[in-house]
Amino acid sequence: MSLLPEGASFEELVQDYFLAVRGGGLMLSALDTELLTSWARQGVPYEVVARGITRSAEKALWDARPGEPVLRSLRACKRQVEAEIKKYLDRSAGAGEAPAERRRSRTWEETRHARLRATLEQLAERRPELSPRVGQLLETVLASVPAEPARLDLQEALTFLGLLRALPFAERSRLWRESRAEGAEGGGMSSRSRRLSRRFRLMALVRRALEMKEV
């Protein structure tokens with residue numbers, strides 16, 4: 001069972017998140033562990049790898065059969081995770097540039113934040129009935145760019161939760177039920193992992209229901 005201690009390592013955090021998104025499991029294979037170690041050596045925040053795992057899982061979620069794990073191995077996330085790592089490292093490299101040059105290149109956090117705002121603005125155009133809620137989210141939750149990846153993840157979660165609350169009751173209830181369907185309560189998962197698992201599924205379902213582009 002995944003019961004992470006205070007100050008858990010990068011490897012422990014990534015493994016816990018992967019198993020949560022996967023919907024259960026006890027440990028990584030030797031090959032997965034080797035891959036995780038290679039990511040740890042690159043010195044990126046845990047949230048960067050978690051984002052790659054999320055993107056991979058969202059793509060696989062709709063093709064998974066009932067009772068089947070969304071992801072069979074951490075290696076299945078390799079392409080998306082390493083793309084996120086590259087983006088993060090490329091944009092972090094610009095931190096030492098002169099102010100004028102830095103203004104022309106966004107950080108990883110700024111890029112994600114801007115993409116989420118743009119996606120919400122497009123949603124308001126497609127779904128005018130959601131425009132008031134979108135405007136509220138842009139002015140409050142998304143008013144500024146978080147300085148840390150963890151805060152950015154929270155900002156994105158609050159955004160999708162806000163959109164969920166703006167949906168009609170019947171649709172909102174359906175999405176809540178689906179997020180708790182089979183696979184979200186897999187064995188060998190801690191209470192933290194189960195929360196992460198439900199949050200992942202809920203956000204993916206809301207994004208799909210609203211036909212929002214990947215953010």
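The values are calculated or read from the model by the stated rules, or taken from the named source; none is laboratory data. Fair warning: this is a prediction, and the values are worked out from it, not measured in the lab. For neighbour counting, all protein chains shown are included, and Cβ atoms are generated from backbone atoms with ideal geometry for every residue, glycine included.
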Scope region 112-142; condition under 18 Å from A157 (Cβ atoms), of a type in the set (S, T, N, Q) and assigned to a helix (DSSP H, G or I); matching residues: T119, Q136
Any residue at all in region 7-27 that's in a helix (DSSP H, G or I), at pLDDT below 90 and among the β-branched types (V, I, T)? yes
Identity of the residue in region 180-201, modelled with pLDDT of 85 or more and closer than 15 Å to W62 by Cβ, that ends up nearest to the chain's Cα centre (by Cα): F200
Considering every residue within region 86-108, establish whether at least one is under 30 Å from P168 (Cβ atoms), charged (D, E, K, R) and either outside any loop (DSSP other than H, G, I, E, B) or modelled with pLDDT under 90 (or both). no
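Could we say that R72 is surrounded by fewer than 16 Cβ atoms within 10 Å (Cβ to Cβ), assigned to a helix (DSSP H, G or I) and modelled with pLDDT of 80 or more here?
Numbers: surrounded by fewer than 16 Cβ atoms within 10 Å (Cβ to Cβ): yes; assigned to a helix (DSSP H, G or I): no; modelled with pLDDT of 80 or more: yes.
Answer is no for this residue.
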Which of the residues spanning region 202-215 are modelled with pLDDT under 85, closer than 22 Å to E129 by Cβ and not β-branched (V, I, T)? K213
